[in-house]
Amino acid sequence: MTSHGRQLPRAALWATAGVVALGFLIALEIAARRYGMPGPITNQAREVIFPPKSGFLLYAGMALTLVVLTWRQRFIAIGAAIGIDITILVVRWAVGVRVTEGHPFGNGALLVVLGCAVIAVTRRTGRERTLLLKGVGLGLLLVAGRKTGDAWLLITSKTRPTVLDPYLAVADHALGNPSWLVGRVVRATGPIGAHVLDYVYVQLAVAAVVFALYQLRHVAVERRFPAHHLVRTFLVIGLLGPGIYMIFPVVGPIFAYGADGGPWAAANLWPETAVPISPPHPIPFDEITPRNCMPSLHTAWATAIFIHSRKGPRLLRYAGTFWLIATLGATLGFGYHYGVDLVAGVVFTLTIEAALRSMARGWDRQGIQLAAYGATVFVVLLVSYRFLPMQLAGYPWLYGPLLILAMTSVIYGYVRTTRLWERNAEPTPQAARQPELV
C-alpha cells in the first residue's frame, strides 16, 4: 500500500474521532442546559474573556501545545500569553472589575492556543499543519476534559436521586475501613498536612502535564508524537469514568456519613465511628453533590502518573511516587472515597493503560488477554460491592486479602506483559564480524 493509501484511513479515523468528540460535547451542552446550567462549550468559550476557573490548567494546556514548536516560537508564545493576561488585568482594574471567582489569569494562554490553530490552518501545510493541529488539539482536550467532567458531575447529581454509599461502607469493613482510619490521621496532622494534601489533590492535572512534557520533549525535533503517552491515558480515564458513576452512584463518606452531607447524611459518623454492619440499601441524596466516587478517578489518574514516571529520571520517579501516595492519602483522609473505590481505581487504570499500549503497538495475544482480564476483575469488583457487601464485611480475614489479591494480580499481569513487550522491542545485538580466511 502506498503512503498516500495509508494516510487516507488515518485521516478518516481522525475525522471520525473529531466528529464523535464534537457530538459528545454538543450532547453534554444540551443536557447541562436542560438543568439550567451552561455546558462545556459555553464554559470554555467564556474563558476567552471572563476569568477562568483554573488559570493554571489553561497554561498547562498551552504547554502541551508548545511541545510542537521551536524554542524561539515557544518564548514568543509564552510572552504573548503573559502580555495578554497583563493587558486584561490592567483593563479590568481600569474599569473597576473585581475577580471574585476563578483566577485573574489564563485568558492569554487560551488565546495563544487558539491563535496557533489559526496559524496552522492559514500558514502551515502538509505534515507541519497536522503536527501543529495535533498540538492544539492536545492542549484543548486537556482543558475540555475538565469542562466535560464538570458537566458529567452535574448530570450525575440530577439524574441519580439515590446513592449506593451504604453498600460500599459495609464492603469497606473487609479492608479495615481505611477512610475512617486515614481521616483521623489527617485530622491529627493539623492544617499543614491538610493543605499539602489538598494542593496535591487539586493540582493533579497540572502535575500530569509536567510528566507529559518530559515524555513529549522530543516532539519538536522528531516532528511526531510518540505512539503512547500519559495524556492519552488521562483523557480516556476521564471519558470512561463518569459512565461508571452513572451505573454506580456514590457520594463518599464525608457526605453520606459526615457533616458535609447536612440533612441528607445517613448519620454523622465519619471519621470517628465506622458504619455498623447491617443490610445496606440505596439512600436518597440531594441534587447538588456529584456521584463521583466509584471508581476513584483521582486514584486512577495518580496511578497513571506513577506508571508513566517509571521511565523518567530519578527526580520524576520520586515525584510520581509522592503524588500517588499523597493522592491516596487525600482521597481517603478528606472522606472523598472509600477504600474499595481505590482498589477499583487502580484496576481501572491498569486495564485502560494495557489497552492503549496494546493498540499503540498493534494488538497481540498478550495485550488482548491483559485488557480482558483487567476488565473482568473490574466488573467482578463492582458486582461484589453491590451484591455481596455483607459477605465481604462478615469475613474480612478472607475477603479483604482477596480484594487486594485481585488488584495485585492485575498489577502483576501488567508488569509482566509490559516487560515482555519491552524485551521483544529491544534490538537484537549483532555479533561482531570475524575476519575470514581467504
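The values are calculated or read from the model by the stated rules, or taken from the named source; none is laboratory data. Everything numeric here is computed off the predicted structure, so don't read it as measured data. Cβ coordinates were reconstructed from backbone atoms using ideal geometry, including for glycine residues, and neighbour counts include every protein chain displayed. The area values use the complete protein model at the heavy-atom level, side chains included, leaving out ligands, DNA and RNA. Shrake-Rupley method; radii C 1.70, N 1.55, O 1.52, S 1.80 Å.
Taken over segment 150-162, the residue count meeting the criterion of being closer than 21 Å to Leu204 by Cβ and either acidic (Asp, Glu) or buried (at least 19 other Cβ atoms within 10 Å of the Cβ) (or both) is 5.
Reported count of residues in segment 323-344, each being touching a residue at least 24 places away in the same chain (Cβ under 8 Å) and within 24 Å of Val209 (Cβ to Cβ), is 11. Kindly establish whether Arg314 is among the basic types (Lys, Arg), in contact with a helix residue (DSSP H, G or I) (Cβ under 7 Å, 6 or more places away or on another chain), surrounded by fewer than 23 Cβ atoms within 10 Å (Cβ to Cβ) and modelled with pLDDT under 95. No; evaluated as a whole, the condition is false for this residue. Residues that are of a type in the set (S, T, N, Q) and touching a residue at least 60 places away in the same chain (Cβ under 8 Å) within segment 82-140 comprise just one, Asn107. Checking each residue in segment 62-103 for being under 25 Å from the mean Cα position of the chain (by Cα) and assigned to a loop (DSSP other than H, G, I, E, B) picks out Val67, Val68, Glu101, Gly102, His103. Residues that are of a type in the set (A, V, I, L, M), surrounded by fewer than 18 Cβ atoms within 10 Å (Cβ to Cβ) and at pLDDT below 90 within segment 48-101 comprise Val48, Ile49, Val95, Val97, Val99, listed in sequence order. Is it true that some residue in segment 256-273 is touching a residue at least 60 places away in the same chain (Cβ under 8 Å), part of a loop (DSSP other than H, G, I, E, B) and open to solvent by 70 Å² or more (accessible area, probe 1.4 Å)? Yes, the conditions are met somewhere in segment 256-273.
Filtered by the rule that a residue be in contact (Cβ under 8 Å) with a residue 12 or more places away in the chain and either within 22 Å of Pro280 (Cβ to Cβ) or open to solvent by 30 Å² or more (accessible area, probe 1.4 Å) (or both), segment 374-387 gives Ala375, Phe378, Val380, Leu381, Leu382, Ser384, Tyr385, Arg386. With respect to the conditions (1) open to solvent by less than 40 Å² (accessible area, probe 1.4 Å); (2) in contact (Cβ under 8 Å) with a residue 40 or more places away in the chain; (3) farther than 19 Å from His337 by Cβ, Gly190 lacks only one, and its number is (2). Only one of Gly362, Gly400, Gly394 is on the phi > 0 side of the Ramachandran plot and not polar (S, T, N, Q). Can you tell me which? Matching residue, one of Gly362, Gly400, Gly394: Gly362.
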